[in-house]
1. Taking only pairs six or more apart or across chains, which ones have beta-carbon atoms under 8 Å, a first residue in segment 127-149 that is of a type in the set (Phe, Trp, Tyr), and a second residue that is assigned to a helix (DSSP H, G or I) and surrounded by 11 or more Cβ atoms within 10 Å (Cβ to Cβ)?
2. Just give me the residues in segment 127-166 being among the polar types (S, T, N, Q) and assigned to a helix (DSSP H, G or I), in sequence order.
3. Any residue at all in segment 73-92 that is part of a helix (DSSP H, G or I) and more than 25 Å from THR32 (Cα to Cα)?
4. Does segment 19-33 contain any residue that is surrounded by fewer than 14 Cβ atoms within 10 Å (Cβ to Cβ) and not in a helix (DSSP H, G or I)?
5. Restricting attention to segment 127-155, report how many residues are of a type outside the set (A, V, I, L, M, F, W, C) and surrounded by 16 or more Cβ atoms within 10 Å (Cβ to Cβ).
6. Where the second residue is surrounded by fewer than 21 Cβ atoms within 10 Å (Cβ to Cβ) and the first is of a type in the set (Lys, Arg) and lies in segment 53-64, which pairs have Cβ atoms under 6 Å and are six or more apart or on separate chains?
7. So which of GLU122, GLU112 ends up being of a type in the set (D, E, K, R) and within 17 Å of the chain's Cα centre (by Cα)?
8. Do we find that GLU124 is in a loop (DSSP other than H, G, I, E, B) and surrounded by 12 or more Cβ atoms within 10 Å (Cβ to Cβ) in this structure?
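What follows draws every value from the coordinates through simple rules; no lab data is involved. This one's a predicted model, so the numbers in the text were calculated from it and none came from an experiment. Neighbour counts are summed over all protein chains in view; Cβ atoms, including those assigned to glycine, are modelled from backbone coordinates with ideal geometry.
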Amino acid sequence: MSRISEALEQIDFVRRYTLERLDTVPLADWFTVPAGGVSHVAWQAGHLALTEYRICLARLRPHTPEDDALLPLDSYMKMFGSGSTPGPDTDCPPAAEIRAALDRVHARVLEELSSYPDADLEREPLIPHPLFKSRIASLRYAPLHEMIHCGQIALLRRMLGQKPIW
């Protein structure tokens, strides 16, 4: 199996695992911050859409005009980027739109990167990151990062009264 195929397999496996949890939370509950909580499901999903774009696409190739249809990058950076604070639903896109952006970005990653040249995987990312120094390391980091947020989604859904999913 090629390195890109292996990386994409892991990225897709973790996304399916995340969606098994995410899709059990009604969209109407996405902006609820449970008692004692500091985040909501909408922020987690928006953050995952943004970071999958930035980790898997923006660090591997330049921005394209087609990227603008995936998600509104500037507003997602403000709402869901590192250091942002989960805001109320009035400050964010509707939950269904966040969910759709999550799907659009993921589909583009799988489609576009399936033919990414192996020779380019050792190159430095276009946007530096303190945790990795190559493009393949960026792709290997993507599912690790998503699992952190999948765990937060799992905790939020439990705090919202749902049973655990094994």
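1. Close Cβ pairs (under 8 Å, with a partner that is assigned to a helix (DSSP H, G or I) and surrounded by 11 or more Cβ atoms within 10 Å (Cβ to Cβ)) amount to PHE132/SER138; PHE132/ARG140; PHE132/TYR141; TYR141/ILE55.
2. Correct list: SER138, GLN152.
3. No: zero hits.
4. Yes, segment 19-33 contains a residue that is surrounded by fewer than 14 Cβ atoms within 10 Å (Cβ to Cβ) and not in a helix (DSSP H, G or I).
5. Adding up the residues that qualify gives 9.
6. The qualifying pairs are ARG59/PRO125; ARG59/LEU126; ARG59/ILE127.
7. GLU112
8. For GLU124, the condition - in a loop (DSSP other than H, G, I, E, B) and surrounded by 12 or more Cβ atoms within 10 Å (Cβ to Cβ) - is met.
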